[in-house]
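Data first, discussion second: the structure below is written as structure tokens.
No value in this document is a laboratory result; all are computed from the given coordinates. From a predicted model like this one, the values you see are computed outputs, not experimental measurements. Backbone-built Cβ (ideal geometry, glycine too); neighbour counts: all protein chains shown.
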Amino acid sequence: MPVIHAPVDSVSQPDSIDFNELFPIREVSRMTGINPVTLRAWERRYGLIEPKRTESGHRLYTRDDIQTVSRILEWIERGVAVSKVGRILAREQQQADAVRAEGDALQAFEWSQLQARLRQAVSAFDDRQLESLYGQVLATYPISVAFQDIFMPLWNELLRHQGRFGQASEWLFFDVFLRTHVLQRLQLASLGAAPRVLMAALPGECRKLELLVAAALLARDDLVVKVLGMGQPFDELTLVCQKTRPQALVLFSNHSHNQDLAVRLNRLAQTLDCPLFIAGAASDLAEHDLAGSSIGCLGNDGPVMQRRLQQYLSGTLDT
């Protein structure tokens with residue numbers, strides 16, 4: 001991958017830049033699939049990126065800038081308007097700043113080291129090494145950290161970078177491995193006699209692994225989460241709930257929705273004999289439209305989802 005080695009006196013703010021990690025706009029376009037015109041618009045019109053400039057005015061992007069481009073693209077693919085992405089990125093940055101403020105920078109470094117080892121195992125299609133690392137991570141960290149901070153960021157990175165020969169196979173290898181293990185975890189938990197929550201994906205709004213991980217993060221020792229199959233018809237959810245009598249129904253989505261979603265959810269809630277909740281990125285994005293309704297928004301963070309569900313079900317938190 002070509003890298004620009006910029007002279008120190010050719011770029012503004014030299015003390016704050018790693019000169020071995022600067023990329024011209026044409027290279028960023030090749031790496032991300034976003035054309036230069038769009039990259040400039042994201043900078044000028046929306047202020048989403050702030051590349052460095054040479055004295056002659058040429059843009060140079062850091063790896064952090066490239067990561068920001070990937071995050072912007074990810075949210076746009078989820079249906080979020082580009083004009084609203086800045087607010088989401090700012091919120092993510094605030095959360096990252098809070099982590100650093102709590103002295104977790106070293107831990108984040110440890111996570112990145114583990115991800116590097118996981119990436120090597122995936123690249124080699126090494127089941128044994130991947131299995132060993134998976135066990136090590138879960139033995140060291142809570143399940144929310146293991147998946148939200150280690151496994152899923154790598155899974156998303158592999159998903160976004162499938163342009164070169166072999167990379168699609170690497171993502172599929174990692175995806176199947178994680179789906180198998182998370183499903184096993186959920187199936188073992190379902191053998192207990194604890195109360196049950198049903199969880200389903202809004203049609204076409206997430207991948208199987210995202211749904212399974214959300215269920216695993218939501219589950220507790222005293223609460224089993226049963227995942228319905230991908231493609232579960234929305235208009236048959238009432239029938240399923242009538243026959244299984246769950247303690248609650250949770251719908252999961254990582255995409256932005258129009259106000260029609262709130263209408264559909266409210267209609268569904270009126271036909272259910274159990275509470276209805278929404279989780280995932282869509283929960284945060286739809287929270288304003290669902291304010292005052294009977295539908296609870298659980299959020300997109302594992303511990304927060306689990307805590308809110310418990311509070312809703314115990315009656316200590318209102319929708």
To check you understand DSSP bridge types, tell me what percent of the beta bridges within the chain (both residues inside) are antiparallel, rounded to 5. 30 percent
Sequence-separation-based contact order of the range 192-314, relative, with Cα cut under 8 Å and 6+ spacing, percent: 26 percent
What do you get for Rg/Rh over the chain if you use C-alpha atoms and the Kirkwood form of Rh? 1.00
Kirkwood Rh, angstrom, the range 104-184 [1 / mean 1/r, Cα pairs]: 12.8 Å
Could you check the spin-label model distance between K84 and D301? Points 7 Å from the Cα along Cα→Cβ, value in nm. 2.1 nm
Suppose each label sits 7 Å from its Cα in the direction of the beta carbon; what would the D235-S293 distance come out to in nanometres? 1.9 nm
Pairwise Lys count, the chain - Cα closer than 26 Å, eight or more residues apart or different chains: 4
Label-zone membership for the range 151-172, site E92, 7 angstrom Cα→C-beta point, backbone N under 13 Å: 153-154, 156-157, 160
Can you give the extra length, in nm with one decimal, that the chain gains between T316 and R30 once fully stretched, where that is 0.36 nm per residue apart less the Cα-Cα distance? 97.9 nm
For an R0 of 35 angstrom, estimate the FRET efficiency from the Cβ-Cβ distance between L272 and F165 and round to the nearest 0.05. 0.15
Estimated D of the range 138-287 in µm² per second, where Rh is the Kirkwood radius over Cα pairs and Stokes-Einstein applies at 25 °C, 0.890 mPa s: 149 µm²/s
Efficiency of FRET between R44 and R245 - r from beta-carbon atoms, R0 41 angstrom, step 0.05: 0.15
5 Å is the cut-off here: which amide hydrogens, built 1.01 Å from N in the peptide plane, fall below it relative to A248, excluding neighbours closer than 5 in sequence? L198
For every helix of n ≥ 4 consecutive DSSP H residues, a contribution of -39,500 (n - 2.57) applies; sum these over the chain, divide by its total residues, and give [θ] at 222 nm rounded to the nearest 500 deg cm²/dmol. -17000 deg cm²/dmol
